[in-house]
Amino acid sequence: MSHLMMNIGTLLIVAAFGVQLSLLLKPPYRWLAMACLVLLSVILPVAGTKPWLWINGAVGELSVVTMILLTGFILRNLTGFSLTGSYTRVHIYLVIFIAGLLLFPATLGLTQFDPYSLGYSFELSLLLLALSIFYWLFQQRHLAVILLIVVAADEIGILSSNNSWDYLIDPLLWIISPVMLVIMYAARRTSTTK
């Protein structure tokens, strides 16, 4: 299952990059441009290997939340269907950024307590379930469902990791989350000033 999930993550990254490049084209040609980029990354050798393998090796397994966000980005830009609302994405990026601030410096040994070790027990899953109920009660149903998907994926074990944190957050998402928060804040400000 691990190699399958790595390949799905790589496919989503290449497809999202293709979608971003294809935004310069008219809508009927966006699908074609994205498909060509995915196909070229698998077939075309560059410096003795394929770009698909570079991305696969550099990124590894993506978290479930990252895969959901990438899928939403691709669907939103190719079909106009929004998997998650703007408000939900802000909450996701904010939760991921705060979780990463607590998790990654401690994992590097900068504190006495390592919260990453909590991911091996069921307590983190219970916390995510409680957050899911909280968000459901406060009408944030998309976010509640995403957290439920994370817990379900962890219980099924679709990734190679046994740690619940790896289903919720990955370093790539944590690095991108403050950038996305700034971009979304700037877009909101420009839309309110017009």
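What follows draws every value from the coordinates through simple rules; no lab data is involved. It should be emphasised that the depicted structure is a prediction, and the values quoted were computed from it without experimental measurement. Note: ideal-geometry Cβ built from the backbone for every residue, glycine included; neighbour counts use all protein chains shown.
In table form, for the structure just shown:
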item: nm² value of the averaged projected area, convex hull over the Cα atoms of the chain; result: 13.3 nm²
item: Approximate spin-label separation Ala35-Ile8, in nm, with each point projected 7 Å along Cα-to-Cβ; result: 2.2 nm
item: Residue order, fewest to most beta carbons within 10 Å, for Arg30, Arg189, Arg76; result: Arg189, Arg76, Arg30
item: Computed helical MRE - 222 nm, the chain, DSSP H runs ≥ 4 contributing -39500 (n - 2.57), nearest 500; result: -24000 deg cm²/dmol
item: FRET efficiency, Phe17 to Ile133 (Cβ-Cβ, R0 30 Å, nearest 0.05); result: 0.25
item: Size of charge dipole - the chain - debye, nearest 20, with Cβ of Lys, Arg +1 and Asp, Glu -1, no other charges; result: 1060 debye
item: Local electrostatic count at Ser82 - Lys and Arg +1, Asp and Glu -1, tallied over other residues with Cβ under 10 Å; result: +2
item: Inter-probe distance in nm under a simple model that places probes 7 Å from Cα toward Cβ, at Val179 and Ser191; result: 2.2 nm
item: Overall form of the stretch 104-194 per C-alpha gyration tensor (a/c, 1.5; a/b vs b/c); result: oblate
item: Low-density loop cleavage sites - chymotrypsin sites (Phe, Trp or Tyr not before Pro) in the stretch 70-120, where at most 16 other Cβ are within 10 Å (DSSP); result: Phe81, Phe113
item: Label-point gap, in nm, between Leu126 and Arg141 - each point 7 angstrom along Cα→Cβ; result: 2.9 nm
item: In Hz, Karplus ³J(HN,Hα) per residue of the stretch 82-96 (6.51, -1.76, 1.60; θ = phi - 60°; x = Gly, Pro); result: 9, 5, 10, x, 4, 4, 5, 5, 4, 4, 4, 5, 5, 4, 5
item: Distance-filtered residues of the stretch 12-41 - backbone nitrogen under 12 Å, label point 7 angstrom along Lys50 Cα→Cβ; result: 38-41
